[in-house]
Amino acid sequence: MFDELSVIRTKIDDIIRNDDFPSTIVPGFLREAVKDYPCRGGKRLRPALLAWSCGLLGGDIEKSFYAAAAAEIYHNWTLVHDDIIDNDDFRRGLPSSHKSLAKTAETCFPPGTDPYKFGTAFAILAGDIMQGWAVNMLMKSSGSGVSASVLSSLCRVMQEYVNRELISGEALDVEFSYREISSVGHDEVLEMIRMKTGVLLGFCAGAGAAIALDCHDWEEPRIKALVRFASLSGVAFQL
């Protein structure tokens, strides 16, 4: 398993680091911030889940790699914004995006520049652009043989369902921190976890299945089963 994960990780790293989407982002420090988290590496479990789900149902995993890279980029924009919300100083052993950008303010701009405000503002913008990068990466799947109908469904599910559910889950997580702990119920916590973590994992498994089956109908039983499996895996991970 770990050898197979290493193969996926290497492939996804190569796709992300050599993609041309960030090249015209200005100013330059924003461009580097956009590339920062996706290029730091990590386990790449979401891309692996997408590719393996494709292979599980007899698909050519080569067709799934752009979608897998898109899922990884999408995941990373949520981490940029999450680190701002939680005021985390580090991500994967290095300064978090807003902290790194705050250092840019201190070293590259006149005295009196508020590094916290600068770092936060540009990290938000970096996360925003990364959402566009994820969709652009996903669209490149057409060049790998993914049909237009499947690609359309992947974009729709990512932008309509995953975006709404994941951000709503993060919002619930933030809201819970402002409530009396006794008022937060067990079922509420499970639903928050499902939305915040399980939904994107479910999308990855479903996307891989859809590519393998060349099927744009996410009600197809095998796609639904893999979505449910991956979503529950996300809940288990958080618990």
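When the chain is treated as a GNM with alpha-carbon contacts under 10 Å, the residue of V162, V189, V146 showing the greatest mean-square fluctuation is V189. Separation between the R40 and T113 pseudo-spin-labels, each 7 Å from Cα along Cα→Cβ, expressed in nm? So the label points at R40 and T113 sit 2.2 nm apart. Taking R0 as 25 Å, what FRET efficiency do you get between V26 and Q159 from their Cβ-Cβ distance, rounded to the nearest 0.05? Approximately 0.50, to the nearest 0.05.
Within region 127-197, the GluC sites (Glu not before Pro) that combine a DSSP coil assignment with at most 15 other C-beta atoms in a 10 angstrom radius are E180.
The heavy atoms of Y161 offer some 90 square angstrom of accessible surface to a 1.4 angstrom probe. Dividing the C-alpha radius of gyration of region 15-66 by 2.2 N^0.38 Å, with N its residue count, gives 1.44. Once the chain from R92 to E62 is taken as fully extended at 0.36 nm per residue, the excess over their C-alpha distance is 8.0 nm.
The convex hull of the Cα atoms of region 179-234, projected and averaged over all directions, covers 4.2 nm². Non-local lysine pairs in the chain, meaning eight or more places apart or on different chains, with alpha-carbon distances under 20 Å, amount to 13. Could you check which residue among L151, L50, L213 shows the biggest mean-square fluctuation in a GNM of the chain with a 10 Å Cα cutoff? Residue with maximal mean-square fluctuation among L151, L50, L213: L213. Taking a temperature of 10 °C and a viscosity of 1.306 mPa s, what whole-number D in µm²/s does Stokes-Einstein yield for region 103-239 with Rh from Kirkwood over alpha carbon pairs? Approximately 92 µm²/s, per Stokes-Einstein. Measuring only protein heavy atoms, the 1.4 Å probe finds F21 accessible over about 60 Å². A straight chain from F229 to E180 at 0.36 nm per residue would run longer than the Cα-Cα distance by 14.4 nm. Of the solvent-accessible surface of region 67-190, computed with a 1.4 Å probe over protein heavy atoms with every protein chain present, carbon and sulfur atoms account for 59 percent. Here is what passes the span test in the chain: the DSSP H helices with alpha carbon length of 30 Å or more along the helix axis and a Kyte-Doolittle mean of -0.5 or above are 65-86, 115-139.
Solvent-accessible surface of the chain, averaged per residue with a 1.4 angstrom probe and all protein chains in place: 49 square angstrom.
For region 130-203, the list of trypsin sites (Lys or Arg not before Pro) that fall in a loop by DSSP and count at most 11 other C-beta atoms within 10 angstrom reads R179. Note on region 126-140 and region 48-77: Cα centroid distance 15 Å, given to the nearest whole angstrom. Derived from the Cα gyration tensor, the three semi-axes of the equivalent ellipsoid of the chain are 30, 24, 15 Å, largest first.
The values are calculated or read from the model by the stated rules, or taken from the named source; none is laboratory data. The structure presented is a predicted model; accordingly, all values stated were derived computationally and were not measured. Neighbour counts are summed over all protein chains in view; Cβ atoms, including those assigned to glycine, are modelled from backbone coordinates with ideal geometry. Keep in mind that these areas ignore ligands, DNA and RNA; they rest on the heavy atoms of the full protein, side chains included. Shrake-Rupley method; radii C 1.70, N 1.55, O 1.52, S 1.80 Å.
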